[in-house]
Amino acid sequence: MRNTRALAATGAAVAVLGVAAPAAVADGGRVPNPSNIVALPSVIARGGQLTITVDGCPNGGTATSNAFQRTHLTPVHGANDTAKGTATINNDARPGSYDITVHCSGRSLTRPAAFTVIGGVRGGIGGSSTTGATPADMAIGGSLVAAAVVGSGVFWMRRRAEKRI
């Protein structure tokens, strides 16, 4: 009884492999289908370089987005059906998330929210993104200076009174 079940299970496994083997051999003439779009880094500043990698794109292709110009993808040697390209984010790109659409071998694939653009930091002014001091900054700074003057005056008056005794 046990031998019969084992023989039946082995026969079913051989039948499944027998059906799958011709499909695997026939897959050699398939049309590539782009998949797995990866954008690194996933968070980038305006003007930065974005690396795009796509699987299922053995002959290369193009990548497009609203944040960068059309970028060519070239096949990666030694990697099966993978293509790679580098895009430069536009300096006038608005902060937010962006999609990437890849076109390979007559087929296209879009990855929504593939990367996020952040506002650039203005170098040389300590990372500040505003011009000059705001009214709140002035109020806080003035209050600190006034507190320092009053505190110094009180301290000096107390020291002066101690010397007279």
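Key figures for this structure:
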read-out: Full-extension gain in nm, Ala45 to Asn33, via 0.36 nm per residue minus C-alpha separation; value: 1.3 nm
read-out: FRET efficiency for Thr86 and Ala147, using Cβ-Cβ distance with R0 set to 41 Å, rounded to 0.05; value: 0.15
read-out: Local net charge near Ala63, Cβ-Cβ under 14 Å (Lys/Arg +1, Asp/Glu -1); value: +2
read-out: Cut-off 11 Å between beta-carbons: net charge of the residues surrounding Ile52, Lys and Arg +1, Asp and Glu -1; value: +2
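Values in this text are rule-based calculations from the coordinates and carry no lab data. Bear in mind that the values here come from a model prediction, so they are computed numbers and not experimental data. For neighbour counting, all protein chains shown are included, and Cβ atoms are generated from backbone atoms with ideal geometry for every residue, glycine included.
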